[in-house]
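Q: Take this structure first; my questions come after.
Values in this text are rule-based calculations from the coordinates and carry no lab data. Since the model is a prediction, treat every value here as computed from it, not as a measurement. Positions of Cβ are generated from backbone atoms using ideal geometry, with glycine treated the same way; all protein chains shown enter the neighbour counts.
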Amino acid sequence: MPMNNNKKNFDKLRQLQDKYLSQLPNQISALNTAWLGVVHDKRQAALDTLRQLAHNLSGSAGTFGFPAISDEARQLEDCLRVLDDIHSLDEATQTFIAQSIHRIANLSRLAPDAHEEDEHFIAPLAPYNDTDKHLIYVIEDEDLIAAVISSQ
């Protein structure tokens, strides 16, 4: 019986991962759009948006089992966090940001292949005991992902 529960939970987690993977191209597109707003339009709001998108991606990618994307997004976020304003962007920082976004895009294209090949992509679940009364609180600021998580 516990194995059956583990299989159901594993399948639910896989479904969440699949849904997350389907949304990754939109997240990458949003990163690119914000970056173009920084580079071409020199908009502070675009820089702030880019920082928030990197933060969101860093957390959500790690949550859904894509640590390489999470790590790269966290490095991007760290780089963006130290910028005072858009005028403090030097050429080396711009190069780093552009390369980081490119690496994230490449990692996101590789993620579905890694996801399909790795049977242990999600950590195995401990046997469930009906007497366990543990609560897990999840905080998610992306509405769609929050809705999916809360519906489970």
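Q: Considering only region 68-82, I want to know if a residue exists there that is among the small types (Gly, Ala, Ser), on the phi > 0 side of the Ramachandran plot and either in contact with a Gly (Cβ under 7 Å, 6 or more places away or on another chain) or surrounded by 18 or more Cβ atoms within 10 Å (Cβ to Cβ) (or both).
A: No, region 68-82 contains no residue that is among the small types (Gly, Ala, Ser), on the phi > 0 side of the Ramachandran plot and either in contact with a Gly (Cβ under 7 Å, 6 or more places away or on another chain) or surrounded by 18 or more Cβ atoms within 10 Å (Cβ to Cβ) (or both).
Q: Next up: Which members of region 60-86 meet the condition of being in contact (Cβ under 8 Å) with a residue 24 or more places away in the chain and out of contact with any Phe, Trp or Tyr (no Cβ under 9 Å at 6 or more places or on another chain)?
A: If the condition is that a residue be in contact (Cβ under 8 Å) with a residue 24 or more places away in the chain and out of contact with any Phe, Trp or Tyr (no Cβ under 9 Å at 6 or more places or on another chain), then 68, 69, 72, 73, 77, 80, 81, 83, 85, 86 are the ones that fit.
Q: Can you spot a residue in region 2-25 that is within 20 Å of residue 83 (Cβ to Cβ), hydrophobic (A, V, I, L, M, F, W, C) and out of contact with any His (no Cβ under 6 Å at 6 or more places or on another chain)?
A: no
Q: Check residue 28 against each of (1) surrounded by 15 or more Cβ atoms within 10 Å (Cβ to Cβ); (2) free of Cβ contacts under 8 Å to residues at least 40 places away in the same chain and name the one condition it does not meet.
A: It fails just one condition, (2).
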